[in-house]
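Enquirer: Would you mind keeping the following structure in view while I ask a few things?
The values are calculated or read from the model by the stated rules, or taken from the named source; none is laboratory data. Computed from a predicted structure; not experimentally measured. Reconstructed Cβ throughout: ideal geometry from the backbone, glycine too, with neighbour counts over all protein chains shown.
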Amino acid sequence: MGPVIGIEVDGTAVEVPEGASLLAAARAAGAEVPALCHDDRLSPAGSCRTCLVRADGRIAAACVTPASLGTRVETATEDLRELRRDAVEVIVSALPPRALAADNPTELAHICRSLGIGPETAAGAGGGGGDDSHPFVHLDRDLCIACGRCVRMCSEVQGTFALTLTGRGADTVVAPGTGGPWAGSDCVACGGCVDTCPTGAITEPGPARGLTSGTATGDALTRTTCGYCGVGCTLDVLTSAGAVTAVLPARDGSVNRGHACVKGRFAHGYLTSPERLTQPLVRRDGRLEPTGWDEALDRVADGLRAAVVAGGPDAVAAISSARATNEENYLVQKFMRVAIGTNNVDNCSRLCHSPSAAGLTASFGLSGGTDSFDDAERADCLLVVGANPVEAHPVVGARLLQGALRGASLVVVDPRAVGLAEHADVHLRPRPGTNVALFHGLAHVLLAEGLTDSDFLRERATGLPELTELLADYPPDRVADITGVPAADLITAARLYGRAELPAIFYGLGVTEHLHGTDGVRALSNLAILRGAVGTGRGFGVNPLRGQNNVQGASDMGALPDVLPGYGKVTDAAVRARAREVWGVPVPQRPGLRIPEMFTAARDGRLRALWIIGEDVCATDPDTSQVARALDACPLVVCSELFLSQTARHADVVLPVASWLEKDGTFVNFDRRFQRVRPAVPPPDQARTDFAVVHALAGVLGVDLGCPTPADALAECARLAPVFGGISHDRLDREGAVPWPCPGPDRPGEATLYRERFATPDGRAHLSAAPYLPPGEQPDAAYPLVLVTGRRWAHYNSGSMTRRGGNLSLDPADVLDLHADDAARYGLRDGAPVTVESRHGRARLIARVGEQVAPGQVFCSFHFPASGVNSLTSGHADTVTSCPEYKVTAVRVGAP
């Protein structure tokens, strides 16, 4: 908090931050001052004149008048009340009487009641009509007062610019900027307009119909953390009669600050889907049939015992879940190591950000991003690489866009022209699979033009001579030949990053999901090291944008085959000794199987029991036909799921489990913040939390895992892993969010890493001199196009949650983006069915012709498993971590 000043409000002395408005001061003093055009998340407008106060004897609009030292403010005199009353009466005179009905809970109705303004003042005839085309937003034009809050929310916070004010004078109302129905507009359904509307003109339909900024009520309100992407938005969940009625972004959320996206805000309909699993299933005579928990757990326990007898503990494996809580992931890996005696546990970070963990650890010493997003947001140059945060991480995307609109230079590296690329100062579009060459080209320019920090490189880094020698082979012209990026654009981008005072790097799966993904992370990290932009205050390092809600935490908790909680290696005797001290049993010293190795072992007959928790591997993993073969070959497959997924259909036992809105625990977001997760509603029928399921299965096996509650599990993890030593449920309940490392309860978490030294053995940052190597697949005459897969804004992963609600009407089918030149070449029309074939499989999609992808490239998501997209992808994987090469697959397209 910056400097504060003292002023007087209605005779009471208050202190407010320097630069605060008189409205903020009045509210800090407890004065009730209406402000119909104001929202604390927005820039002040001063247009409604309902917040009039007297400051040092002069009438002023409180929302646009800054407080100054010693100002004397009056808010409650009768003449001020009359001025406000007059202003509000003018505003409401054109509204229909229902706007001020006695039971109307809106902000406007409350203000009118406080000023003694009755429904008779609202004399408008109505008849303006409405718009019910959108599943999550309802517009009632008769109630619009043209305050502009929704328009500013859409532009200033969301950055979509989808709304505008149309008409003249008293006929001015909000409307989608496209002029058509709301559902066909650019709206991305963040819900900000609903949250800020003071009159009920924009509301949420469904169970929360009429919900606006003034009506956030319910039988109960639960503060929790979003269970979709890795941003970690704080949400307030309203419930009535044990059911969710609405989900609101918390104004004081540590990351989202009163903002949300369509998934966290609205995509909770899956909770009550009739397809929800509510009791265990076991396979009898080839069919999955309902049963009770006792039989299901006995079946699993018997299968585990049989697997161990037949092949030893390593014949059992588990895929833990990046959707589960930290405490559940901790308990799963403990179960495998204590109850079974194997390190065969992994999680889906293997398929997305395992190259981040390997690359960042090699470069800097720890597996997480280097800086807090709150700090990095202040960067004067944003280098966004292989990520489309506007769609995949909308709250982060919006905040990055606002930084660019405030003047930060923006360099986007992505093959597609989407999201932030539309606002970039420079957009580099490399051929898929050429990242390493591109990053070396940027580094070449930094060195050649003296845009490096020589003191930092001398005192805190190592590997410069080797890198300098390598970079001599990557001048801009050669890099242009490899990547397709014009040399002039490469040089411009390097100069923007190299000359910035506070540069920051954000990257996503477009960097990691490659044959040489770890090399890509390290080559990208080279740029920050060369600039001295890590741990120095002269930049904001390198920050991965995590895809799933707890992909960071699942790895932090040790749900990996080669490390224990806190990333201590299983091969390290001291690490194993500490675990034995806490757990009371020895830990196996041989690293376990990674996910791809599990499937290979199952097909070979070496793996005899596989427990898959919350992952639809038959839909999301590469070369899915081989995954299905592995499951069918494995004698026991157990699946813990919300729905009967494609993976669950191959299982021998299916266990119904709770969703994130039904759990207690914590998540870790993309910038290493631990945050609380709290149950807003109970699981349906017989469904149980993963935490309860692991305990129950251990009990059937005769093993006591200890830590009976999630709070106890995190406390035990803190004893085992010093990096989490100061983190507990009690502390998070008090403080809201704590980043790791946090070594003690009396120590703050380290939001910014490496201020004193790097966590590498020699305490230095390590530059990487790995050469560029081509991707695993290349297009040829038979398969002439390159397929890239990724996410779209309305859905999440395999779509098991987002396809069971209103999101499906916003994005009803999987489409293949292709360039107009390619569409013409292969005789494909926009909106027509298209078949996509690779060397590995076939998929059926709908063609979408446009300019977002370059000629020779196509793009699709993996949100609709029935399309078969992941049957196309190859078995090529990162040579260090086994992360699949989702971003480069050679394909051909044609009519069905």
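Enquirer: (1) more than 41 Å from the chain's Cα centre (by Cα); (2) under 25 Å from CYS154 (Cβ atoms); (3) β-branched (Val, Ile, Thr): which one isn't true of ILE91, the others all being true?
Expert: Status for ILE91: all satisfied but (1).
Enquirer: In the stretch 300-326, which residue that is of a type in the set (D, E, K, R) and crowded, with 20+ Cβ neighbours inside 10 Å is farthest from ASP652 (Cα to Cα)? Give the steps one after another, and end with the answer.
Expert: If we filter the stretch 300-326 for residues that are of a type in the set (D, E, K, R), which is where we start, we get 302, 305, 314, 323.
This time we only want the ones that are crowded, with 20+ Cβ neighbours inside 10 Å, so: 314, 323.
Working: ASP314: 20, ARG323: 22 Å.
It comes out as ARG323.
Enquirer: If you don't mind, there's one more thing I want to ask. I'd like the residue in the stretch 807-844 that is surrounded by 14 or more Cβ atoms within 10 Å (Cβ to Cβ) and among the acidic types (Asp, Glu) and, out of all such residues, is farthest from HIS876 (Cα to Cα).
Expert: Ranking the candidates gives ASP811 first.
Enquirer: Then there is this: Hey, any hits in the stretch 129-139 for a residue that's over 23 Å from ALA260 (Cα atoms) and not assigned by TED's automatic domain parsing to the domain that holds ASP40? If you could, list the steps in order and put the result at the bottom.
Expert: In the first step, residues of the stretch 129-139 are kept if they are over 23 Å from ALA260 (Cα atoms); the result is 129-130.
From what is left, the residues that are not assigned by TED's automatic domain parsing to the domain that holds ASP40 are 129-130.
There is at least one residue in the stretch 129-139 that is over 23 Å from ALA260 (Cα atoms) and not assigned by TED's automatic domain parsing to the domain that holds ASP40.
Enquirer: Of everything in the stretch 332-377, what is under 20 Å from the mean Cα position of the chain (by Cα), surrounded by fewer than 24 Cβ atoms within 10 Å (Cβ to Cβ) and not polar (S, T, N, Q)? Give them in sequence order.
Expert: Passing the criteria: ASP374, ASP375, GLU377.
Enquirer: Could you name every one of the helices (runs of 4 or more DSSP H) located completely within the stretch 348-406 that has at least 1 residues being acidic (Asp, Glu) and under 30 Å from VAL627 (Cβ atoms)? Talk me through it step by step, then tell me what you get.
Expert: Numbers: elements: 354-364, 373-376, 389-392, 394-405.
In the stretch 348-406, 389-392 are the helices (runs of 4 or more DSSP H) which contain 1 or more residues that are acidic (Asp, Glu) and under 30 Å from VAL627 (Cβ atoms).
Enquirer: Here is a follow-up. Residues in the stretch 460-474: is at least one outside any loop (DSSP other than H, G, I, E, B), touching a residue at least 24 places away in the same chain (Cβ under 8 Å) and more than 28 Å from LEU773 (Cβ to Cβ)? Before the answer, list the steps.
Expert: Applying the first criterion (outside any loop (DSSP other than H, G, I, E, B)) to the stretch 460-474 yields 460-462, 464-471.
Right, trim to touching a residue at least 24 places away in the same chain (Cβ under 8 Å) and you get 460-462, 464, 466-467, 469-471.
Checking the rest, the ones that are also more than 28 Å from LEU773 (Cβ to Cβ) come to 460.
Looking for residues that are outside any loop (DSSP other than H, G, I, E, B), touching a residue at least 24 places away in the same chain (Cβ under 8 Å) and more than 28 Å from LEU773 (Cβ to Cβ), one finds at least one in the stretch 460-474, hence yes.
Enquirer: Of LEU560, LEU515, which residue is more than 30 Å from LEU420 (Cα to Cα) and assigned to a loop (DSSP other than H, G, I, E, B)? Walk me through it before giving the result.
Expert: On the way: LEU515 fails: more than 30 Å from LEU420 (Cα to Cα).
Answer to the check: LEU560.
Enquirer: Condition first: aliphatic (A, V, I, L, M) and either touching a Lys or Arg at 6+ places or on another chain (Cβ under 7 Å) or part of a helix (DSSP H, G or I) (or both). Now tell me which residues in the stretch 262-306 satisfy that. Walk me through how you get there before you give the answer.
Expert: Let us first name the residues in the stretch 262-306 that are aliphatic (A, V, I, L, M), namely 262, 267, 271, 277, 281-282, 288, 296-297, 300-301, 304, 306.
Correct list: VAL262, LEU271, VAL282, ALA296, LEU297, VAL300, ALA301, LEU304, ALA306.
Enquirer: Just for the stretch 122-143: of the residues that are buried (at least 20 other Cβ atoms within 10 Å of the Cβ) and out of contact with any Gly (no Cβ under 8 Å at 6 or more places or on another chain), which one is farthest from ARG84 (Cα to Cα)?
Expert: Only one residue tops the list, namely HIS134.
Enquirer: Another question about this same structure. Can you give me the ranges of the strands (runs of 3 or more DSSP E) entirely in the stretch 568-682 with at least 1 residues that are in contact (Cβ under 8 Å) with a residue 40 or more places away in the chain and on the phi > 0 side of the Ramachandran plot? Talk me through it step by step, then tell me what you get.
Expert: Details: elements: 609-613, 636-641, 653-656, 665-668, 673-677.
Ranges flagged: 665-668.
Enquirer: How about the stretch 865-894: which of its residues are of a type in the set (Gly, Ala, Ser) and assigned to a loop (DSSP other than H, G, I, E, B)?
Expert: First, pick out the residues of the stretch 865-894 that are of a type in the set (Gly, Ala, Ser): 866-868, 871, 874-875, 877, 882, 890, 894.
Within the stretch 865-894, GLY868, SER874, GLY875, SER882 qualify.
Enquirer: Which residues, taken from the stretch 651-678, are over 27 Å from ALA267 (Cα atoms) and either out of contact with any strand residue (DSSP E or B) (no Cβ under 6 Å at 6 or more places or on another chain) or surrounded by fewer than 24 Cβ atoms within 10 Å (Cβ to Cβ) (or both)?
Expert: Result: ASP652, single match.
Enquirer: So, of the residues in the stretch 530-542 that are crowded, with 24+ Cβ neighbours inside 10 Å and farther than 14 Å from HIS766 by Cα, which turns out to be farthest from the chain's Cα centre (by Cα)?
Expert: Looking only at the stretch 530-542, we keep the residues that are crowded, with 24+ Cβ neighbours inside 10 Å, and these are 530-531, 533-534, 539-542.
The next check asks that each one be farther than 14 Å from HIS766 by Cα; those that pass are 539-540.
On the way: GLY539: 23, PHE540: 20 Å.
Only one residue tops the list, namely GLY539.
Enquirer: Spot the failing condition for CYS193; the list is (1) among the hydrophobic types (A, V, I, L, M, F, W, C); (2) assigned to a loop (DSSP other than H, G, I, E, B); (3) within 25 Å of TRP793 (Cβ to Cβ), and only one is missed.
Expert: Checking CYS193 against (1) among the hydrophobic types (A, V, I, L, M, F, W, C); (2) assigned to a loop (DSSP other than H, G, I, E, B); (3) within 25 Å of TRP793 (Cβ to Cβ), the one that fails is (2).
Enquirer: Just checking, which of GLY831, GLY827 is part of a loop (DSSP other than H, G, I, E, B), free of Cβ contacts under 8 Å to residues at least 24 places away in the same chain and either over 22 Å from GLU777 (Cα atoms) or assigned by TED's automatic domain parsing to the domain that holds ARG431 (or both)? Full working, then the answer.
Expert: On the way: GLY827 fails: free of Cβ contacts under 8 Å to residues at least 24 places away in the same chain.
Testing whether each residue is part of a loop (DSSP other than H, G, I, E, B), free of Cβ contacts under 8 Å to residues at least 24 places away in the same chain and either over 22 Å from GLU777 (Cα atoms) or assigned by TED's automatic domain parsing to the domain that holds ARG431 (or both) leaves just GLY831.
Enquirer: Looking at (1) crowded, with 18+ Cβ neighbours inside 10 Å; (2) under 18 Å from GLU15 (Cα atoms); (3) in contact with a helix residue (DSSP H, G or I) (Cβ under 9 Å, 6 or more places away or on another chain), which is the only condition ALA29 fails?
Expert: Of (1) crowded, with 18+ Cβ neighbours inside 10 Å; (2) under 18 Å from GLU15 (Cα atoms); (3) in contact with a helix residue (DSSP H, G or I) (Cβ under 9 Å, 6 or more places away or on another chain), only one is false for ALA29: (3).
Enquirer: I would also like to ask the following. Could you tell me how many of the residues in the stretch 310-327 are assigned to a helix (DSSP H, G or I) and out of contact with any helix residue (DSSP H, G or I) (no Cβ under 9 Å at 6 or more places or on another chain)? Lay out the reasoning, then the answer.
Expert: In the first step, residues of the stretch 310-327 are kept if they are assigned to a helix (DSSP H, G or I); the result is 310-311, 313-315, 326-327.
After this cut, where a residue has to be out of contact with any helix residue (DSSP H, G or I) (no Cβ under 9 Å at 6 or more places or on another chain) as well, the list is 310-311.
Total satisfying the criteria: 2.
Enquirer: Tally time: how many residues in the stretch 455-475 are of a type in the set (Lys, Arg) and crowded, with 18+ Cβ neighbours inside 10 Å?
Expert: Step one: of the stretch 455-475, the residues of a type in the set (Lys, Arg) are 458, 460.
Okay, now just the ones that are also crowded, with 18+ Cβ neighbours inside 10 Å, so 460.
Residues flagged as of a type in the set (Lys, Arg) and crowded, with 18+ Cβ neighbours inside 10 Å within the stretch 455-475 amount to 1.
Enquirer: Pull up the stretch 292-309, narrow it to residues that are in contact with a helix residue (DSSP H, G or I) (Cβ under 8 Å, 6 or more places away or on another chain) and not aliphatic (A, V, I, L, M), then point me to the one that is farthest from ALA658 (Cα to Cα).
Expert: Within the stretch 292-309, the first condition is being in contact with a helix residue (DSSP H, G or I) (Cβ under 8 Å, 6 or more places away or on another chain), and the residues that meet it are 293, 297-298, 300-301, 304, 307-308.
Next cut, not aliphatic (A, V, I, L, M) only: 293, 298.
Working: TRP293: 15, ASP298: 21 Å.
My answer is ASP298.
Enquirer: OK, next. Are there any pairs with C-beta distances below 6 angstrom linking a residue in the stretch 763-788 that is under 20 Å from LEU438 (Cβ atoms) to a residue that is polar (S, T, N, Q) and in a loop (DSSP other than H, G, I, E, B), with the two at least 6 apart or on different chains, and if so which?
Expert: Correct list of pairs: GLU777/SER874.
Enquirer: Kindly provide the set of residues from the stretch 728-764 that are part of a loop (DSSP other than H, G, I, E, B), acidic (Asp, Glu) and farther than 22 Å from THR370 by Cβ, ordered by number. Steps first, please.
Expert: At the first step, the residues of the stretch 728-764 found to be part of a loop (DSSP other than H, G, I, E, B) are 728, 736, 740-764.
Subsequent filtering for residues that are acidic (Asp, Glu) retains 746, 750, 756, 762.
Result: ASP746, single match.
Enquirer: Among the residues of the stretch 545-567, how many are in contact with a Leu (Cβ under 6 Å, 6 or more places away or on another chain) and either free of Cβ contacts under 8 Å to residues at least 40 places away in the same chain or of a type in the set (Gly, Ala, Ser) (or both)?
Expert: 1
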